[in-house]
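The values are calculated or read from the model by the stated rules, or taken from the named source; none is laboratory data. Bear in mind that the values here come from a model prediction, so they are computed numbers and not experimental data. For neighbour counting, all protein chains shown are included, and Cβ atoms are generated from backbone atoms with ideal geometry for every residue, glycine included.
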Amino acid sequence: DTGVSQDPRHKITKRGQNVTFRCDPISEHNRLYWYRQTLGQGPEFLTYFQNEAQLEKSRLLSDRFSAERPKGSFSTLEIQRTEQGDSAMYLCASGAGLWETQYFGPGTRLLVL
Amino acid sequence: AQTVTQSQPEMSVQEAETVTLSCTYDTSESDYYLFWYKQPPSRQMILVIRQEAYKQQNATENRFSVNFQKAAKSFSLKISDSQLGDAAMYFCAYRSGTGNQFYFGTGTSLTVIP
């Protein structure tokens, strides 16, 4: 197992376009998290899945954001009608078990022009 | 929502010396978990150390140890015998014992001086 992977690693898009990011968690992990991290800040929670069920969503997650985790494996995060304020690093993490240590992916850096 | 505060945006330490990074948090819960994560430049975040709130004994992982003061809601990280590879952003994080959200501080950038 090579850990949590994310694709793409970098994305440049024009304002108003839609973008989709993918996260592949560690295979035995049933929990998956999406975070957003801007420069000089810590990760901010966006949403959480346990298996295929989306159990929590932050109020940061506007209706332009949608996340899915079909079959409880990989997850996608889509941002519709991107805005310049969406420029950030989008981090995915997975975890399992009572202790719930999170293992982070390398992130997708989004730049909206 | 819980808040996590890291009041030191930047810290520096001489190689082989000891440095302590501060973290405080605000919560009304009695059951929770605390973590320190390290994020090297352009590399992914990795777990350094973790602490369960109900454990009075401070966690230790090799050169890394914490000073957990539950009453004061303080969770500092001590790095002993600092190495060049310790240079990174360090984030303190809180997780409720009943919830699933992690709350992160704003980070402390650690520079290790050769």
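Quick one: count up the residues across the stretch B:45-79 that are among the small types (Gly, Ala, Ser) and touching a Cys at 6+ places or on another chain (Cβ under 8 Å). Adding up the residues that qualify gives 2.
Of the residues screened, residue B:102 is one that is at pLDDT below 90, of a type in the set (Phe, Trp, Tyr) and under 23 Å from residue A:59 (Cβ atoms). Does the stretch A:64-78 include one or more residues that are touching a residue at least 40 places away in the same chain (Cβ under 8 Å), in contact with a Cys (Cβ under 8 Å, 6 or more places away or on another chain), away from chain B (no Cβ under 13 Å) and closer than 24 Å to residue B:94 by Cβ? Checked the stretch A:64-78: at least one residue is touching a residue at least 40 places away in the same chain (Cβ under 8 Å), in contact with a Cys (Cβ under 8 Å, 6 or more places away or on another chain), away from chain B (no Cβ under 13 Å) and closer than 24 Å to residue B:94 by Cβ.
Taking the listed residues B:94, B:103, the one that is in contact (Cβ under 8 Å) with a residue 12 or more places away in the chain, crowded, with 21+ Cβ neighbours inside 10 Å, under 15 Å from residue B:2 (Cα atoms) and more than 9 Å from every other protein chain (Cβ to nearest Cβ) is B:94, with no other qualifying. Just checking, does the stretch B:41-54 include any residue being more than 30 Å from residue A:57 (Cβ to Cβ) and at pLDDT below 90? Checked the stretch B:41-54: at least one residue is more than 30 Å from residue A:57 (Cβ to Cβ) and at pLDDT below 90. Reported count of residues in the stretch A:41-68, each being among the polar types (S, T, N, Q), closer than 26 Å to residue B:38 by Cβ and surrounded by fewer than 18 Cβ atoms within 10 Å (Cβ to Cβ), is 2. Scanning the stretch B:5-51 for residues that are β-branched (Val, Ile, Thr) and within 22 Å of residue B:111 (Cα to Cα) returns B:5, B:13, B:18, B:19, B:20, B:24, B:46, B:48, B:49.
When the stretch A:41-58 is filtered for residues that are more than 10 Å from chain B (Cβ to nearest Cβ) and at pLDDT below 90, only A:57 remains. Consider the stretch A:30-40 and keep the residues that are over 12 Å from residue B:100 (Cβ atoms) and surrounded by fewer than 18 Cβ atoms within 10 Å (Cβ to Cβ). The one that is nearest to the other protein chains (Cβ to nearest Cβ) is A:40. Among strands (runs of 3 or more DSSP E) entirely within the stretch A:30-99, having at least 2 residues that are under 11 Å from the mean Cα position of the chain (by Cα) singles out A:31-37, A:44-50, A:65-68, A:75-79, A:88-95.
Condition check: in contact (Cβ under 8 Å) with a residue 12 or more places away in the chain and over 25 Å from residue A:25 (Cα atoms). Does residue B:75 satisfy that?
Numbers: in contact (Cβ under 8 Å) with a residue 12 or more places away in the chain: yes; over 25 Å from residue A:25 (Cα atoms): yes.
Yes, satisfied.
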